[in-house]
Amino acid sequence: MENCLFCKIAAGIIPSTKVYEDDLILAFRDIAPMAPTHILVIPKTHIPSVDGITAENSAVVAHIFATIPAIAREEGLVNGYRVVSNCGSDAGQTVQHLHFHILGGKQLTLEMA
Ligand code: AMP
Ligand code: ZN
């Protein structure tokens, strides 16, 4: 966890462009956007991926999903948006800290963005 990029972003050790933050979660702009709006939403606690979600830690995931609509509204994504989480190597997960991509601002294809 001490070498986890998103734990460092959550702790403010590595800077990010924040769009939302509270005690439990952080949303910030993806450094390599694949759509006009590309935001990552993370729990501040370290969960490695969707595969690490359990009955014990899933409240923060519910909180993320309860917050995503407000983030999307704030970003003006009135025509819709996509929420994606890559889990494991076959899905192309590159950062091993649970994150949900919010993608929007254009007509998305069936590719991730
Ligand atoms: P994934 O490939 O699904 O694991 O997503 C990881 C995402 O993190 C990619 O879209 C990267 O562009 C993004 N990313 C990597 N480093 C940073 C960073 N320092 N700040 C913001 N986004 C980042
Ligand atoms: Zn982490």
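Phi angles of the range 15-32 translate, via the Karplus equation with coefficients 6.51, -1.76, 1.60 and θ = phi - 60°, into HN-Hα couplings of x, 8, 8, 6, 10, 7, 8, 9, 4, 9, 9, 9, 10, 8, 6, 5, 5, 10 Hz per residue; Gly and Pro are given as x. A crude spin-label estimate for the pair residue 70 and residue 55, with each label 7 Å from Cα along the Cβ direction, gives 2.9 nm. Shape annotation for the chain: C-alpha extents along the principal axes are 37, 31, 28 Å, from largest to smallest. Using Cβ point charges alone (K and R +1, D and E -1), the dipole size of the chain about the Cα centre works out to roughly 280 debye. Can you list the lysines whose alpha carbon sits under 22 Å from that of residue 8, skipping same-chain ones fewer than 8 residues off? Qualifying lysines at Cα under 22 Å: 18, 44.
Can you give the extra length, in nm with one decimal, that the chain gains between residue 18 and residue 4 once fully stretched, where that is 0.36 nm per residue apart less the Cα-Cα distance? Please report the intermediate quantities before stating the final value.
On the way: separation 14, 0.36 × 14 = 5.04 nm, distance 1.79 nm.
Full-extension gain reported as 3.2 nm.
If R₀ is 25 angstrom, what is the calculated FRET efficiency for the pair residue 78 and residue 109, using the beta carbon separation as r and rounding to 0.05? Walk me through the intermediate numbers first.
Values: r = 20 Å, r/R0 = 0.79.
Result of the calculation: an efficiency of 0.80.
Rounded to the nearest 20 Debye, what is the dipole magnitude of the range 55-113 about its Cα centre when Lys and Arg each give +1 and Asp and Glu each give -1 at the C-beta?
On the way: 3 positive and 5 negative charges, 36 e Å.
Dipole magnitude for the range 55-113 comes out near 180 debye.
For the chain, 87 stand unpaired, since no other cysteine beta carbon lies under 4.7 Å from theirs.
All of the numbers you see were taken from the coordinates with simple rules; none came from a lab. Note that the coordinates shown come from a computational prediction; the quantities given were computed from them, not determined experimentally. Please note: Cβ atoms are built from the backbone with ideal geometry, for glycine as well, and neighbour counts cover all protein chains shown.
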